[in-house]
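Worksheet: one structure, shown below.
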Amino acid sequence: MTAKQVGLWGGAAVFILMLVIGPPASMAAPAWHVAALTILMAIWWMTEALPLTATALLPFLALPFMGIMSAGDVAKEYYSPILFLILGGAFFALAIERTGMHRRIALGILGFAGKSSFGLLLAFMAATAFLSMWISNTSTALIMMPIALAVIAAGGIAEEDTDGMAGALVMGVAFAASLGGLGTLVGSPTNAIAAGLIEKQLGFKISFIDWMSFGVPILLIAVPATAWILASVQRINAKPFDASAARGAIGEQGAWSGAETRLLPLILLVVALWMAQPFLEDALPKGSITDGTIAIACSLLLFILPDGSGRPLLNWKEADRAPWGVIMMFGGGLALAAGITESGLATWLGEALKPLAGVHPLIIAVAITALVIVITEFASNVATASGVMPVVAGLVAATGSDPWLLAMCASIAASWGFMMPSGTGPNAIAWSTQHIALPRMLKAGLWIDLFGIPLIVGCVWMVASLH
């Protein structure tokens, strides 16, 4: 049997068994039923027994029949203002890709690469990380990898060579794409999903600028540290590489197109409004402005403003590539979270975890971060975030820990997976180049995972103390 088949039938067996044996004496039946549903969805998400979005539909089917919520109430939980942030951010990312602005940004940053191999590696990773803050991790890797391969070839490296700069550069692009996604709420769907679940279960809102205050410091440390780890593991100076010739393969930026000059002010506008959103709330009707409303308002202009060639900056055929499946999966996580609360399972978790009240919050944060990193190496980032937030909510309730500390550590750790070729879209793209030796990828990924635990906890703890 394949892993998917084991997950499918194993998850179903656990679900049925839990329903048959009934709840422990300390737990009400509704809470036990939702616990069974949560475990079923976690198994199916982590093994991808069904498409992730299909599994996300289970709360709509199960919660009404369990007597937890009506179908109408469950359906309402599938939507949140964060959903519209994901959608609006996707529209802008698609417009950036269509106009070619992403390549201009990348080439502009690569122009600062030094003459050394490490300088070139760091410049590539910085360019990739910056792009990935605004467009999807996988799209960023697809954009940057051909440029990296051209540089590798120009530097005198043969096809399928895995030593030195060959492996370092392709892994650097992949890892930086994942790291860059941590920088903003729109950098990765996992971020927005985590923020939505935090608001649902812990009752506090994470704005665009709030997320950046945590994500950017981690990004600024992680990118050069990861470059150093890759340079060490790959021993980039031990194998000849013509960095000067490689830089010549990067190419020139060329003149700005009409579409780019029209798109840039819109990008600056939406980012400025996201930054100013906390200050605009007092001047507008209560609850009227969110990061999602800003994203949608500005993205609608993409369909109105011309690009200089007789067409709008974005048309619907292009916009229809938005991640609709991710949006529905996000809704499934919110609906499950609502079921956990309504059934009393959240309260039960809080009581069950009370013995941890005497443990220092930083120790709990380290344990949660390490656990989530291990899980996300084998499960999708989105599934990990969706599955771990109920536990985080229970820990916050039981221990009285700072919710910012535990919630943000778990949220960021959910995207911190670097060891497996199939672990993320960027990793799979890098692996397909045939420039990676698996033992070196595992070694580099392990060091980055180990380094990530104190980095995430330390940065989050320092920033959380300011909130």
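The values are calculated or read from the model by the stated rules, or taken from the named source; none is laboratory data. Keep in mind it's a predicted model, so treat the numbers as computed, not measured. Methodologically, a virtual Cβ is constructed for each residue, glycine included, from the backbone with ideal geometry; neighbour enumeration extends over all protein chains shown. Only protein heavy atoms, including side chains, enter the accessible area calculation; ligands, DNA and RNA are left aside. Shrake-Rupley method; radii C 1.70, N 1.55, O 1.52, S 1.80 Å.
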- Task: On a 0 to 90° scale, report how tilted helix 361-378 is relative to the longest principal axis of the chain, with both axes built from alpha carbons and the result rounded to the nearest 10.
- Result: 70
- Can you give the charge dipole size of the chain about its Cα centre, rounded to the nearest 20 debye, using +1 on the beta carbon of Lys and Arg and -1 on the beta carbon of Asp and Glu? 360
- Task: Using Cα positions and a limit of under 15 Å, work out the aspartates and glutamates in reach of K317, with same-chain residues fewer than 8 apart set aside.
- Result: E97
- Query: Among the lysines, which fall within straight-line cross-link reach of K205, defined as a Cα-Cα distance under 29 Å, with same-chain neighbours fewer than 8 residues apart omitted?
  - Reply: K76, K286, K354
- Task: Give me the lysines in straight-line cross-link reach of K115: C-alpha distance below 18 Å, same-chain residues under 8 apart excluded.
- Result: K239
- Message: Just to check I understand the Karplus step: with θ = phi - 60° and J = 6.51 cos²θ - 1.76 cosθ + 1.60, what whole-Hz values come out for the stretch 424-441, glycine and proline as x?
- Response: 9, x, x, 4, 5, 5, 4, 4, 5, 6, 6, 9, 10, 8, 3, x, 6, 5
- Message: Order 168-178, 445-455, 140-150 from most to least packed using the mean count of other Cβ atoms within 10 Å.
- Response: 168-178, 140-150, 445-455
- Query: What angle do you read, to the nearest 10 degrees and between 0 and 90, between the alpha-carbon axis of helix 29-47 and the longest principal axis of the chain?
  - Reply: 20
- Can you work out ³J(HN,Hα) from phi for every residue in the stretch 341-353, in order, using Karplus 6.51 cos²θ - 1.76 cosθ + 1.60 and θ = phi - 60°, giving whole Hz and x for Gly and Pro? 6, 5, 7, x, 5, 4, 5, 5, 4, x, 5, 5, 8
- Calc'd 3J(HN,Hα), the stretch 22-27, phi into Karplus 6.51 cos²θ - 1.76 cosθ + 1.60 (θ = phi - 60°), Hz, glycine/Pro = x, comes to x, x, x, 4, 7, 10
- Query: What order do you get for 283-289, 48-54 when each peptide is scored by the mean count of other beta carbon atoms within 10 Å, highest first?
  - Reply: 48-54, 283-289
- Scattering profile of the chain at q = 0.08, 0.11, 0.12 Å⁻¹ [log10 I(q)/I(0), Debye over alpha-carbon scatterers]: -0.49, -0.91, -1.07
- Message: Let me test this: with uniform point scatterers at the alpha carbons of the stretch 319-426, what is the Debye-based log₁₀ I(q)/I(0) at q = 0.23 1/Å?
- Response: -1.24
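How much of the accessible area of the stretch 399-467, probe 1.4 Å, is carbon plus sulfur, in whole percent?
That share works out to 71 percent.
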- Within the accessible area of the stretch 354-397, what % is carbon and sulfur when the probe is 1.4 Å and the other protein chains stay in place? 81
- Message: To test your reading of the geometry: what angle, between 0 and 90 degrees and rounded to tens, separates the Cα axis of helix 381-399 from the longest principal axis of the chain?
- Response: 50
- Note on the structure: Per the helix-only model, the chain has a calculated mean residue ellipticity at 222 nm (DSSP H runs of ≥4, -39500 (n - 2.57) each, divided over all residues, rounded to the nearest 500) of -23000 deg cm²/dmol
- Item | For the stretch 161-297: rounded, prolate or oblate by the Cα gyration tensor [a/c cutoff 1.5] | oblate
